[in-house]
Each structure stands twice: as structure tokens, then as C-alpha cells.
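The values are calculated or read from the model by the stated rules, or taken from the named source; none is laboratory data. It should be emphasised that the depicted structure is a prediction, and the values quoted were computed from it without experimental measurement. As a convention, Cβ positions derive from the backbone with ideal geometry for all residues, glycine included, and neighbour counts pool all protein chains shown. Note: accessible area is taken over every heavy atom of the protein model, side chains too, but ligands, DNA and RNA are not part of it. Shrake-Rupley method; radii C 1.70, N 1.55, O 1.52, S 1.80 Å.
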Amino acid sequence: MAKKKTGSIIYKCTSCGYTQPRWLGRCPECGEWNSLVEHVADEAARIPSFAGVSGSLTVRAKPVPLASVNPLEGSRISTGIAEFDRVLGGGAMKRSAVLIGGEPGIGKSTLLLQTAAQLAASKAAGPILYVSGEESAAQIRARADRLGLTKSVSTDLDLLCTTHLADIEDALNSMNPTFVVIDSIQTVYSPDAGIVPGTVNQLKYCTNELIGWVKERDAVLVITAHVTKEGVIAGPKSLEHMVDAVISFEKNEEQVRFLRAQKNRFGSVDELGIFAMTETGLIPVEDPSTLFITRRSGQLPAGVASVPVFEGSRVFLVEIQALTVPAKASITRVYSDKIDSARVSRVAAVLEKRAGLRFSDQDIYINVAGGVRLTESAIDGALAAALYSARTDLPLPENAAIVGELSLAGEIRPVNRIKQRSKAASGLGYSTVLAPEKEEGVTCVKDIKSLIKALFSK
């Protein structure tokens, strides 16, 4: 007589992990045929760890007094790269997981290899484990030699080239590293999550297991991920909810890279890290004040306006460039990828209504020098000035910077930290700063008409 199975029977899809109590020929979740396999649901089995706290149905989490919690458990580890530390909020927080996404070839592996080498050279962080599922150990060594990292790396940096989650877990348990790099999470595979690598279930399962390990130790986990054609991180959105920080890696048309936090549980998401890609790797740009300003010897061309913007704790002077041409079709278009096209349309509509300048028959092109994305409302005044200048073919005065939010009524509204913006503009040689507040060295403008009069009356 066959031994009776203990526990209830469930059927689990080997492709996506979908479970249900009875067998079906086709998985309702992913649509695969004949992928449901019989499993025994053991009620005493270990449940997946959540938020770094592992356990089972028989082990319950207990509350602890807040005063008894050791605050040193949340201390940070400096990566040795100032711009990376800035985006992370002052360094990588222990017992945290960081997800970095970016298009292929942008420099994710280069940045993390440089970070791992810096930590290994300092010998302050302990063992470092670099896991690669896309490159061999020889290829990683060749990159390290090219970047000049080999001489500074001690024996604290170990490489593991595998795609199997079990191999990674064995290395983690034997080494007990303090800094772990997974490059990339799409290549990590576990047979417990199905037979097909790279599926949604594989990503969620493998990420959850790695986060569960790092949350129980004073270690940092950094994961790289692929991105879609739209530039967002590929895979389930829940992957971003599982980690503590989500970092996006972007680039402009030149050899400049931008590191920006989309989510950070332990710091601000407003900081921007700027790197220059060179033959020796990524070099932090510590003083980007003049990076986004085009220096000209002659008169300023029409359609160009400058604005001081805040990115975290730093002020940048950014040049907005506008161009208007008669529309070639009955429907006009706005071409703008660095400034939201809806913002451009709104500012153009306010100019048409409040300043009597027609844009409804024009195609509008907007560019930002240096390729940085602008999202704050303080750029509205400069954007309006650039559009007016482009439409009338009248250049703005030299060394003039504009700050302010534009309302639908045509008012120039105040924005935060006008004094710091004015000081940064003056330090770069801008003699005129137009803003809606009265400050030292600031020309006060209250609406769009007074802004146009102050800029173009001569």
C-alpha cells in the first residue's frame, strides 16, 4: 500500500509559479500549456522571508522596545565614490538592498566594479563578493586591468561567475561578505521557482532569497537590472517594492552619466550624481556648475535662457533652448524629452493668452544643454522667456538668469531658496537674476508681462 501524502495537494506552474488547488491543462496566469505540476503543501514548511525577517508558521516574531534597539545596526558603509554616496544618502546603509537599472553599456558593471575595488582597497568593509552571470572571471579581470584597479585590489574581493542561486547562497554562507554585487538579477536562476530562467517568478523568488540573507547580517546587497525600451526597470514592479533603494543610471549625448534615486528609504531622492566616462572608468564630476552652460563669445542667440535649478543640495545653472517653426501639418507638436511636453504646452498656452503671442500654429522644439532632465517648477519663467525669444527672434540679454513658477493666470510665483539660486548665478558671472521675490541682487518680476518687459524692453 502506497504511503499517504501529508498536507494538501496543490498544482504549481513551472513557468510563472502560479498555484491553484486543481490541475488545468493551461496556466491561467501565463498561458503555458501542461505546465502545472503537482506539489504537496506542507503547513510546517518554512515560509519566505519578508522585509528581512525570516521565519516559519511555528516561529512568531516578537515586538521589542524601541529603546532596546541598537542604532549602530543602521550605520552606513562608504562606497569610496563621493557621487555614489551622495545619491545613496551618505553611503550604503547596512542590511539594505539597492537596485540599479540602466540601458546596456551605460556603465553599471563599471561603476560597481570600481565600488567593489575601492572597498576592497580600503580594507574597512570586510570581504567583498562580486557575482556575475553575464561575464566570465577573465573578462572581469580584463576590465579591472583596463581601469587600473588590479594593483589596488586586495584579496578581500572575490569573483563568482554563476547563474545558480544555490551557488550564490553557498558562497554567501561560507564567506559572509559585507558587500555583495549581483550583476544582473535577470540571470540568477533557481529550480524552485520554475524551469525557465528570467521569468517574473524567478526574479521575485531569487531577489527575495538574497534580500532575506542580507537583512539578517551587517551587509549591503547591490543588484543590477535590465531596462525596457521605455527606460524603466524590466520585470515586475514588485521587485522595486522589495528593495530599499532604486537607482537609475542615465546618460546624455556626450560622455556624461547621471545617477538618480527613484526610491530611497534611507535618504533623499532629490540628489543627482554626475560622472564622466573616460578610458579609466567613471570619474565623479564634483563641480558641475559649468557643465550645462554653453560659453559663447558673441551675442546670445534667440531662444536661449538660463535658470539656476536645485538637484538635492547643489545648484546648477542650466541652459534651456527653444525653437519654434510653422507647423507642417494641421496638428502642431511639441518635441521635448528633457522637459515634460505637457509643461511646455502649458507655458506656451499661458504666453498665447497673457502675452498675445501665437503658438497654436507652431511646432515647438525644446532642448536642455548637457542632457539633464528638469522637473521642478522653478524652470517655468526661463522656459517662457526661451519660448518668447524663439517666437519673436529676439535674444535675451547676456548674463541674465530667470527663476520662478508660472501660473495659468500669468503670475510669476515664488519658489524655494531664491537666495542660494541667486548667489550661484552671480558666482558664474550672471549680473541679472529675475525672480518673483525681492532679494539682494534680484530684479523682482511679478507676472509674465513684467518679465517680458524686463528682458526685451531694450
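For region 442-451, filtering for residues that are outside any strand (DSSP E or B), farther than 16 Å from VAL307 by Cβ and out of contact with any Pro (no Cβ under 8 Å at 6 or more places or on another chain) leaves 2. Of everything in region 388-412 that is over 29 Å from the mean Cα position of the chain (by Cα) and not in a loop (DSSP other than H, G, I, E, B), the residue that is farthest from PRO301 (Cα to Cα) is GLU411. Residues that are surrounded by 10 or more Cβ atoms within 10 Å (Cβ to Cβ) and of a type in the set (S, T, N, Q) within region 276-298 comprise THR278, THR280, SER289, THR290, THR294, listed in sequence order. Every listed requirement among (1) open to solvent by 50 Å² or more (accessible area, probe 1.4 Å); (2) small (Gly, Ala, Ser); (3) modelled with pLDDT of 75 or more is met by GLY80 save one, (1). Can GLU169 be described as within 20 Å of ASP244 (Cβ to Cβ) and of a type in the set (Asp, Glu)? Taking the combined requirement at face value, the residue does not satisfy it. The residues of region 325-377 that are of a type in the set (A, V, I, L, M, F, W, C), assigned to a loop (DSSP other than H, G, I, E, B) and within 23 Å of the chain's Cα centre (by Cα), listed by number, are ALA369, VAL372.
What do you reckon, is VAL222 closer than 30 Å to CYS30 by Cβ, open to solvent by 20 Å² or more (accessible area, probe 1.4 Å) and among the aliphatic types (A, V, I, L, M)? No.
Just one of the listed residues (ARG391, ARG413, ARG421) is open to solvent by 40 Å² or more (accessible area, probe 1.4 Å) and in contact (Cβ under 8 Å) with a residue 40 or more places away in the chain, namely ARG391.
Of all residues in region 261-272, those that are part of a strand (DSSP E or B) and either modelled with pLDDT under 90 or surrounded by fewer than 19 Cβ atoms within 10 Å (Cβ to Cβ) (or both) total 3. Name the residues in region 145-201 that are part of a loop (DSSP other than H, G, I, E, B), of a type outside the set (Gly, Ala, Ser) and open to solvent by less than 30 Å² (accessible area, probe 1.4 Å), would you? Hits for region 145-201 are LEU147, LEU149, THR162, PRO177, THR178, VAL188, THR199.
Could you check region 94-106 and list, in sequence order, the residues that are open to solvent by 10 Å² or more (accessible area, probe 1.4 Å) and out of contact with any Asp or Glu (no Cβ under 8 Å at 6 or more places or on another chain)? If the condition is that a residue be open to solvent by 10 Å² or more (accessible area, probe 1.4 Å) and out of contact with any Asp or Glu (no Cβ under 8 Å at 6 or more places or on another chain), then GLU103, PRO104, GLY105 are the ones that fit. Please work out which residue is surrounded by the most Cβ atoms within 10 Å (Cβ to Cβ), limiting yourself to region 424-437 and to residues that are more than 19 Å from SER377 (Cα to Cα) and out of contact with any Ser or Thr (no Cβ under 9 Å at 6 or more places or on another chain). Here the residue is SER426.
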